[in-house]
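Below is one structure, written out as C-alpha cells; the observations come after it.
Throughout, read-outs are computed from the coordinates displayed, never taken from laboratory work. This one's a predicted model, so the numbers in the text were calculated from it and none came from an experiment. A quick note on method: Cβ atoms are made from the backbone with ideal geometry, for glycine too, and the neighbour counts reach across all protein chains shown.
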Amino acid sequence: MEILVCVKRVPDTAENEIVVNGKGTDIERGDLVYSVNEWDNYAVEEAIQIRDRVGGTVTVVTVGDGDSEEILRREMAMGADKGILLSDDAFNGSDGRGIAAILKSEIEKGKYDLILTGAQADDGAAQVGGMLAAMLDMPYASLVNKIETESGNTIKIGREIEGGNQEMSEIDLPCVLSIQTGINEPRYVGIRGIRKVASVEIPVHGAGDLGIAAGSVGAAGAKVKRVDYFIPPAGEGAEILEGSSDEIAEKLIELLKSKGGIK
Amino acid sequence: MTQPIFAYIAHKNGVADDSALELIVAAKKIDPSASVTAIVCGNGAELDSVCTAMAAVYPEVWKVSNPALAYPNAEVIRGVLVNLLPAGAVMLVPHDTFGMDLSPGLSIKLNAAFVSDVVGIEGVDGSALKAVRQEFGGQVSTHIHCDMASGVVLNIRSGAFLADDSKASGAVADKSGQAGDCKAKRRFIEVVAAEVGDVDITKSDVLVSVGRGIEEQDNIAIAQELADTIGAVVSCSRPIVDAKWLEKARQVGTSGKTVKPKVYIALGISGSFQHLGGLKGNPFIVAINKNPKAPIFQVADIGVVLDLLEFVPELTEKIKEMK
C-alpha cells in the first residue's frame, strides 16, 4: 500500500509556556521548542505498521520552511521511507484551505492508496484532512482510532466519538483519514536513528513545481485570517493559596474537609 | 446582512442535542434580526419528534427524511447539505465529533470559508465575519476575520453560547425530495460501546484526577495514595490514557466519561475544554499545577501553584497524621 502522511512542525506545548508578544501580533517564538505535531506522530506510526503488515511505502510530506526538514527526518528515522518538503514564499500565510490545496497538488503527482493526517494540531483547527479529502473527491473519516486492513479496496476503521464509544465503518480506498492520539504507541526515535537519515536527500517542491497559481494560496488566497493573539480577560478564577507548602497544605485540608473531600 | 443562516441539528433517540438551543444564539450574534432555519436529517418517528421540538425554537425547520440518514454519516449529510443550501449560506454546526467529520469538507464543496471551534462571534464588518477561537489548549485566544462573501461554515463550541429562551412557532418544510441519492464511499457498521473498567469513576463523590503534569507512570502512585487516604477514586485526562498509564474507563472528558463529583482534585491537568466538558454538576475544584497560567485555574475554586510531585506527598502525609 502506498501511504502518504501529512505532518506539521509546531511549538511543543508540553515543553513551552505560550505567551503573546507585546503587540499581540504573534506568540513569543524566540525560545520555543518545536517538534512534530503529536497527532502526526501517531499517524506516521500507524502508516509504518500498515506498511510492515501489507507492504508498500510510507512517504511523509509537510508544508513549511527549511526548518521543517528536521521533522521529516525525525519521521524517516521512525521508519518512513521518503520525505517531501513543500516550500515556497508564496505559501506563507496560507489558511487551512490553502494548505490543503498545496498538499492536493503534490498528491496528484503521485498515486497513493491511503493518506493520513493528524486529527488536529495545538495551533490548528482540525480541518486540513477533511478539506483535502473533499478536494480530491476521496472519502474521509476524522478522529480515527482503529484501522483494519483487509484485502481488496476497502478497509475497516473506527472513529472515536463522544463518551469513549467507537464508531466502526468500512471505507473505500483511496481515502483520507485523520488519526486520533492513542491509536498506537509511537516508537521512540534515538539520536542514532536520526543520524542514519541525516544525509538522505529530501526533495523540495515549490509553487512552480506543483503548478500552483500565485495568489491562489498564501495570504492572498486566504479566506480566513488570524488578526491577533490575546489573553482572554480572566474571569474570577481560582483563589490561589499562598504561604509555605506546609501552610498551603493545612489550608487545603480545612477546605477539603468543609466540602466533603476527606472521608 | 442578507445571507441566510442555517443550523444543523444534532439529535439522538428522538431528542435534539443541547447544541440546538446554542446555535440559534450564535446565529443572532451574526445577525440579530436573522430568521434562522434549522436543518434536521434523520428517519422515521424520531425525526418527526425532533422537527416538532425544533419548530418551537426556530422560525423554519427543514426536515430531510431518508433511511440512509438513520445514523448520521458525515459524507451522506454533506451531500444533502450541498444539495439544499442556497449560495452564500451561513451554516452553523456543533463542534463535536460529527461536526469535525462534516464541516471542513462541506466548506470545500460549498466553496465557503470555514472556521472551526468558534467560541465567540463579534459581528460582521462588510463581508468579514469577526470570530474568536482559542489555540494551544486554551492558553491563548485569537480574533479571526473570515471572508464570508461566498458563504461560511462555522463549527460552534458546545457551551460557548448560552441557550436563551428563543421561541417560535415555526413551520416544518419537508425537503426530503431534494436530498439526492444519499450514497457514500464510507458505510457505517456499528457503534462499539466504551469498555467498562474495574472502577466506575462516575460513582465517586471525590475524584483525584491526574494529567500530563504527573510526568511519569510511576508517579501515579502519588495520586493513588492521596485518593486512598481521603476515600477518593483516581481519574485522569486524555494524555494519561494515550500513554496507556491508566485505562480508558478512568478518563474524564468529552471523549471519556462525564462525571458529577462533589470534589474534583486536578493534579497537573492543564484544563482543556475537552477535559472540562466531562466535568458537570459544578463540583468544588482544587487545581494543583506548577504552571500559574494553566487554564484550569480559570475554572478552579482553589489553586495551588506548586510542583505536585513534591506537594502532594506532603499533603497526603499531613492528612494521615491528622487521622
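Given 0.36 nm per residue, what is the gain on full extension from A:Ala213 to A:Asp12 after removing their alpha carbon distance, in nm? Full extension of this stretch gives 69.1 nm more.
Within segment A:1-104, list the trypsin sites (Lys or Arg not before Pro) lying in a DSSP loop whose Cβ has at most 12 other Cβ atoms in a 10 Å radius.
Numbers: sites: A:Lys8, A:Arg9, A:Lys23, A:Arg29, A:Arg51, A:Arg53, A:Arg73, A:Arg74, A:Lys82, A:Arg97, A:Lys104; in loops: A:Lys8, A:Lys23, A:Arg29.
When the trypsin sites (Lys or Arg not before Pro) of segment A:1-104 are filtered for loop state and at most 12 Cβ neighbours within 10 Å, A:Lys23, A:Arg29 remain.
Each of A:Lys146 and B:Ala70 was given a label point 7 Å from its Cα along the Cα-to-Cβ line. The distance between the two points is 2.1 nm. Ranked by the mean number of other Cβ atoms within 10 Å of their residues, highest first, the peptides A:194-206, A:121-133 come out as A:121-133, A:194-206. What separates the Cα centres of segment A:142-195 and segment B:226-293 is a distance of 26 Å.
Placing R0 at 22 angstrom, the Cβ-Cβ distance between A:Asp52 and A:Lys111 gives a FRET efficiency of 0.60 after rounding to 0.05. The base-10 log of I(q)/I(0) for segment B:5-178, evaluated at q = 0.08, 0.11 Å⁻¹, reads -0.21, -0.41 [Debye formula, identical scatterers on Cα atoms, solvent excluded].
Considering every Cα-Cα pair within segment A:20-75, what fraction, in whole percent, is farther apart than 12 Å? Pairs farther apart than 12 Å: 74 percent. For peptide B:282-294, the mean count of partner chain Cβ atoms within 10 Å of a residue's Cβ comes to 2.
Kirkwood analysis of the Cα pair distances in segment B:35-135 returns a hydrodynamic radius of 14.9 Å. Kirkwood's formula applied to the C-alpha pairs of the protein assembly as shown gives a hydrodynamic radius of 25.1 angstrom. Taken residue by residue and averaged, Cβ atoms of other chains lying within 10 Å of the Cβ of B:252-265 number 3.
List the residue ranges in chain B for DSSP H helices whose C-alpha atoms run 24 angstrom or more along the long axis and whose Kyte-Doolittle average is -0.5 or above.
On the way: long enough: none.
In chain B, no H run is both long and hydrophobic enough.
Considering only C-alpha atoms, what is the centroid distance from segment B:6-53 to segment A:11-57, in Å? So the separation of the two Cα centres works out to 36 Å.
Counting only Cα atoms, segment B:201-322 measures 37, 28, 26 Å along its principal axes, largest extent leading.
Normalised by the number of residues in segment A:2-221, what is the relative contact order in percent for Cα pairs under 8 Å and 6+ residues apart?
Numbers: 446 pairs, mean separation 56.8, N = 220.
That works out to 26 percent.
Segment A:70-162: percent of C-alpha pairs farther apart than 17 Å? Value for segment A:70-162 (Cα pairs over 17 Å): 61 percent. Between helix A:38-54 and chain A there is an angle of about 40 degrees, using the helix long axis and the longest principal axis of the Cα atoms.
Between A:Asp246 and B:Asp18, what's the calculated FRET efficiency when r is the beta-carbon distance and R0 is 41 Å? Round to 0.05. With a Förster radius of 41 Å, E is 0.40.
In segment B:169-300, a dipole from Cβ-located charges (positive for Lys and Arg, negative for Asp and Glu) runs towards its positive end, and of B:Leu276, B:Leu226, B:Val208 it is B:Leu276 whose Cα lies farthest in that direction. Seen against the Cα atoms of chain A and their longest principal axis, helix A:69-78 is set at about 90 degrees. Eigenvalues of the alpha-carbon gyration tensor of chain A, scaled by 5 and square-rooted, set the equivalent ellipsoid semi-axes at 37, 25, 20 angstrom, largest first. Each semi-axis of the equivalent ellipsoid for segment A:1-104 is √(5λ) with λ an eigenvalue of the Cα gyration tensor; in descending order they amount to 28, 16, 11 Å.
Considering only DSSP beta bridges where both residues belong to segment A:9-111, give the percentage that are antiparallel (nearest 5). All intermediate terms of the calculation are to be shown ahead of the outcome.
On the way: 4 of 9 bridges.
Around 45 percent antiparallel, to the nearest 5.
Scaling against 2.2 N^0.38 Å puts the C-alpha radius of gyration of segment A:112-263 at 1.63.
The mean number of Cβ atoms from other chains found within 10 Å of a Cβ in peptide B:113-119 is 5, as a whole number.
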